[in-house]
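Written out below as structure tokens is the structure these notes cover.
A short reminder: the numbers here are calculations on the coordinates, not readings from a lab. Every value quoted in this text rests on a predicted model; they were computed, and no experiment measured them. Neighbour counts run over all protein chains shown; Cβ positions are idealised from the backbone, glycine included.
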Amino acid sequence: MRRAGLGDGGPGNYVASGYSVYEEENEHLQEGLRAKVSALKSLSIDIGTEVKYQNKMLDDMDSDFDSTGGLLGATIGRVKQLSRGSQTKLLCYMLLFCFFVFFVLYWFLKLRG
């Protein structure tokens, strides 16, 4: 690229050589900056994609927890209704069965991990 007063030869030749060194250095720094900007751009796009995926997972978990909470509430209501009756022996068996199932699951998961 030619600038006014910085041509080849003539009295301004020493200035042109200094100018070209600065131009080369600027171009080199510009390329480094361009590479860093493109890396940051791809990183921010990846972060945005991951955030969208995590938000979708959280929404799915929220709906799963809501449905589980409704099911658990209905089950506890039935257990309360069962406990109000004279079937305390049946309730006792059911609670023992639940403890047994939780113990077996805990033991199974403990051995797997």
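What to note about this one:
- Kirkwood's formula applied to the C-alpha pairs of the stretch 53-113 gives a hydrodynamic radius of 14.3 angstrom.
- Computed from the Cβ-Cβ distance with R0 of 35 Å, the FRET efficiency linking Val101 to Gln54 stands at 0.60.
- Candidate lysines - alpha carbon under 26 Å from Lys89, same-chain residues fewer than 8 apart omitted: Lys80
- Unit charges at the beta carbon, dipole of the stretch 17-91: most positive-side option, Leu43, Gly32, Thr68: Thr68
- Trypsin sites (Lys or Arg not before Pro) within the stretch 79-113, DSSP loop, no more than 13 other Cβ atoms inside 10 Å: none
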